[in-house]
Amino acid sequence: AFVGRHLQLFTETGEWYIAANTIDATQPQGAARVSSNGIRRAVPIAFADGGSLFVQQGGQTLRDMLWSDAEQSYRADPITVLSPQIMKNVIDVAHRSARSVSEGNLIFMVNSDGTAACLTLLRGQNVVAGAPWQYAADGKLLAVLADVRHDAYAIVELGGERWLLKWQKAMPLDHATTRSLGGANQVTGALELANRTDVWAYCDNEVLGPLTVTSNGTIALGRATQAVTYGLQPPWTARLQVLRDKLARDVPFKPPARIYEVELALKSTGAITIATNGAVHRPVPLQTMGGIYADAGPLATETGGASALPMLERLFTGNRTVSGLLGFSRTPYVELSRDVPVPVHVKSVRMEVVMRD
């Protein structure tokens, strides 16, 4: 049973609700059936933005049980129609409600293969956006939880061990640990990452890596550091939808197209790469605000030497245009990624496209 607008009942064979506002234990209550989809056993329900979200039997579909004023009844429509590929046998669900008008409700869904899906829901603006998640390169997500303080936690498996970790929206590293070093040039005791060669570190707002961890958990930083945060770089890729031109009656087949120029509106971004149609990624040239540095790739400076400012203090905000993109395709698309675990915030993407005659 679940209490939303009405008392709602979920079973493996269907969903019901009791319309009565007052329930008398001495009187029988009639339950109206919403659908016969059925809920997946042991997977929690998320009450988000006025609706009850539940995973359907089979673990491949998330449904939204929502009251319809027009029909004066509930509907249980699928909410992941545009992103069904992100759900792969879902075994756990958690909901983190929005904390401000600048963000949406987040629905975390853990798949049985250790990957996850994150659904952003902002019903008032008709935003339903799904994205696949993966923990580090060889880690697995096992369970998720969100508490009343809007904090989200996850149980993850890494190196044969299980960890309870807290999700931080602004932290680009997985399995991150923060320590005060007081001017030391190395980290000791990082046994959970022993023998790894893919560790990154934020040292007083500078980005270092990839670094090697010795068998006894020592990480040589090569510089005196007051505070350090070290961890693993998670995979991050954003692929835009395939461009589809509306067909005319006299053109029954869509001609190949080429995306030859892309303009990105960025905010507080440290490094980003771009590719079209599956080609090799290339860095987007970023320019530090204030004219301190000329156009440069990730982690580079105008002289190629040591930075005057640490990376996290020279993040780029503004528009950048990438030209000379090649390759015709009947299904052209743009893909964004990064080589360095730094913040990336893409506000908008504008594309220039030419169709082949």
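Provide the FRET efficiency to the nearest 0.05 for the ASN126-ASN216 pair, computing r from the beta carbons and using R0 = 45 Å. Write out the running numbers ahead of the final one.
Working: r = 54 Å, r/R0 = 1.20.
Between ASN126 and ASN216 the formula returns 0.25.
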- Item | Centre separation in Å (Cα based) which lies between region 37-51 and region 174-195 | 40
- From the Cα centre of region 268-285 to that of region 129-171, the distance in Å is 26
- Task: May I ask you to list the lysines whose Cα is less than 24 Å away from that of LYS254, ignoring any residue fewer than eight positions away on the same chain?
- Result: LYS246
- Sticking with the crude label model, points 7 Å out along Cα→Cβ, report the distance from ASN319 to GLU192 in nm, one decimal please. 4.4
- Item | Partners for LYS347 among lysines (Cα-Cα distance below 16 Å; same-chain residues under 8 apart left out) | LYS267
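Sorted by average packing, counted as other Cβ atoms within 10 angstrom per residue and highest first, what order do 53-62, 96-105 take? Write out the running numbers ahead of the final one.
Working: 53-62: 20.3, 96-105: 14.1.
Those peptides, ordered most packed to least, come out 53-62, 96-105.
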- Set of lysines near LYS166 by C-alpha distance (under 23 Å), chain-local residues within fewer than 8 positions excluded: LYS140
- Note on the structure: Phi-derived 3J(HN,Hα) across region 225-238 with the Karplus relation (6.51, -1.76, 1.60, θ = phi - 60°), rounded Hz, x for Gly and Pro, is 9, 7, 9, 9, 10, 10, x, 10, 7, x, x, 9, 9, 10
- How much solvent-accessible surface does ASP198 expose, in Å² to the nearest 10, with a 1.4 Å probe and all protein chains in place? 60
- With only alpha-carbon atoms counted, please give the Rg and Dmax of the chain, in Å. 24.4, 83
- Message: What distance in nm separates the two pseudo spin-label positions at MET171 and ALA42, each 7 Å out from Cα along the beta-carbon direction?
- Response: 2.8
- Message: Could you identify which residue out of LEU173, LEU164, LEU106 has the top mean-square fluctuation in a GNM of the chain using Cα springs shorter than 10 Å?
- Response: LEU164
- Query: How far apart, in nm, are two points set 7 Å out from the Cα along the Cα-to-Cβ line at ALA19 and at ASP113?
  - Reply: 4.4
- Which of ILE259, ILE45, ILE23 moves most in a GNM of the chain, Cα contacts under 10 Å? ILE23
- Treating the beta-carbon of each Lys and Arg as +1 and of each Asp and Glu as -1, no other charges, what is the dipole magnitude of region 306-355 about its Cα centre, to the nearest 20 debye? 120
- Total formal charge among the other residues, if their Cβ is under 11 angstrom from that of ASP204, Lys/Arg +1 and Asp/Glu -1: -1
- Note on the structure: Semi-axes of region 126-279 from the Cα gyration tensor (sqrt of 5 times each eigenvalue, largest first, whole Å) come to 39, 20, 15
- Query: Looking only at ALA42, ALA190, ALA201, which one moves most when the chain is put into a Gaussian network model with springs between Cα atoms under 10 Å?
  - Reply: ALA42
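Between ASN205 and ALA70, what is the FRET efficiency for a Förster distance of 45 Å, r being their Cβ-Cβ separation, to the nearest 0.05? Spell out each step's value before the answer.
Working: r = 53 Å, r/R0 = 1.19.
The value I calculate is 0.25.
Report the full-extension gain for the segment GLN29 to LEU240: residue separation times 0.36 nm, less the Cα-Cα distance, to one decimal in nm. Display every interim value, and only then the final one.
Details: separation 211, 0.36 × 211 = 75.96 nm, distance 4.94 nm.
Extra length available between GLN29 and LEU240 comes to 71.0 nm.
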- Amide H of LEU7: which non-local residues (sequence gap of 5 or more, or other chain) have their own amide H closer than 5 Å, using H built in the peptide plane? ILE18
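The values are calculated or read from the model by the stated rules, or taken from the named source; none is laboratory data. Predicted model only: the values in this text are computed from it and were never measured. Virtual Cβ from ideal backbone geometry, glycine too; neighbours counted across all protein chains shown. Heavy atoms of the whole protein, side chains included, go into the accessibility calculation; ligands, DNA and RNA do not. Shrake-Rupley method; radii C 1.70, N 1.55, O 1.52, S 1.80 Å.
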